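Working notes, structure below.
The values are calculated or read from the model by the stated rules, or taken from the named source; none is laboratory data. Given the structure is predicted, the values throughout are model-derived calculations rather than measurements. In this analysis, Cβ positions are derived from the backbone assuming ideal geometry, glycine residues included, and neighbour counts consider all displayed protein chains.
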Amino acid sequence: MGIFVGSIDWILNNARANSLWPLTFATSCCGIEMMHTVASDNDIARFGSEVFRGSPRQADLLICAGTITHKMAPVLLRLYEQMAEPKYVIAMGACTCGGGMFCENSYSVIRGIDKIIPVDIYLPQCPPKPEALIDALQKLQKKIITSESILKRKEFLSSHKTKLIEEGEILKEVQS
């Protein structure tokens, strides 16, 4: 039984890793670098991620690029919840990973999207170069192929508490 399940995991993981479809989600300057990654100079299509989707229901990779504010948090959570399982997240840029240059002086910036959604790969540069995004994508593919299984993914998602955002409320845990 273990060999059969292991073989299915291996086949599914290779298929998933080599056909990641990113969701277009960029809020600031990191979005320009993400667009540059798709251009012919870097050509992210070589790694199976050429189809940037506009709908979360067609994507399985969320590349969150840029500053996330308290007003954007419910939108980000809604997009993440609308994505089909298994879904993966790359936090691109210092502002996305920890608030960046705005963490000291701005009350409206969330200091890390991991307070809202689970993150698989962090890319904390300001702004990250296209080569760094391609490297992060390759690390995510390696992670999916080597260590991903259906049971481990469920454990990873259940270990991260999704902060529910009710209408009219700001994230209470993020405010502090």
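Condition first: within 18 Å of THR96 (Cα to Cα), assigned to a helix (DSSP H, G or I) and touching a Leu at 6+ places or on another chain (Cβ under 8 Å). Now tell me which residues in region 120-144 satisfy that.
The answer is ALA132, LEU133, ALA136, LEU137, LEU140.
If GLU85 satisfies all but one of (1) in a loop (DSSP other than H, G, I, E, B); (2) charged (D, E, K, R); (3) modelled with pLDDT of 85 or more, what's the number of the condition it fails?
Condition not satisfied by GLU85: (3).
Would you confirm, using the coordinates I've provided, whether TYR80 is among the aromatic types (Phe, Trp, Tyr), surrounded by 15 or more Cβ atoms within 10 Å (Cβ to Cβ), out of contact with any helix residue (DSSP H, G or I) (no Cβ under 7 Å at 6 or more places or on another chain) and touching a residue at least 24 places away in the same chain (Cβ under 8 Å)? Even if it seems obvious, please write down each step before you answer.
Numbers: among the aromatic types (Phe, Trp, Tyr): yes; surrounded by 15 or more Cβ atoms within 10 Å (Cβ to Cβ): yes; out of contact with any helix residue (DSSP H, G or I) (no Cβ under 7 Å at 6 or more places or on another chain): yes; touching a residue at least 24 places away in the same chain (Cβ under 8 Å): yes.
Here the answer is yes, as TYR80 does meet what is asked.
Looking only at region 49-76, count how many residues are free of Cβ contacts under 8 Å to residues at least 40 places away in the same chain and part of a loop (DSSP other than H, G, I, E, B). Let's see the steps before the verdict.
Of all residues in region 49-76, those free of Cβ contacts under 8 Å to residues at least 40 places away in the same chain come to 50-59, 71, 75.
Those still in the list that are part of a loop (DSSP other than H, G, I, E, B) too: 50-52, 54-55, 59, 71.
Total satisfying the criteria: 7.
With over 13 Å from the mean Cα position of the chain (by Cα), surrounded by fewer than 21 Cβ atoms within 10 Å (Cβ to Cβ) and not hydrophobic (A, V, I, L, M, F, W, C) as the only criterion, which of THR69, THR37 stands out?
Numbers: THR37 fails: surrounded by fewer than 21 Cβ atoms within 10 Å (Cβ to Cβ).
Every option except THR69 fails the conditions.
Six or more apart or on different chains, Cβ atoms under 8 Å: show the pairs whose first residue is in region 93-113 and of a type in the set (Phe, Trp, Tyr) and whose second is crowded, with 17+ Cβ neighbours inside 10 Å and in a strand (DSSP E or B).
PHE102/VAL109
Quick one: would you say SER28 is in contact with a Ser or Thr (Cβ under 8 Å, 6 or more places away or on another chain) and not charged (D, E, K, R)?
yes
Being modelled with pLDDT under 80, in contact with a Leu (Cβ under 9 Å, 6 or more places away or on another chain) and closer than 22 Å to LYS143 by Cα narrows it down to one residue among ALA17, ALA59, ALA91, ALA65; which is it? Before you say what the answer is, go through the steps one by one.
Details: ALA59 fails: modelled with pLDDT under 80; ALA91 fails: modelled with pLDDT under 80; ALA65 fails: modelled with pLDDT under 80.
Among ALA17, ALA59, ALA91, ALA65, only ALA17 is modelled with pLDDT under 80, in contact with a Leu (Cβ under 9 Å, 6 or more places away or on another chain) and closer than 22 Å to LYS143 by Cα.
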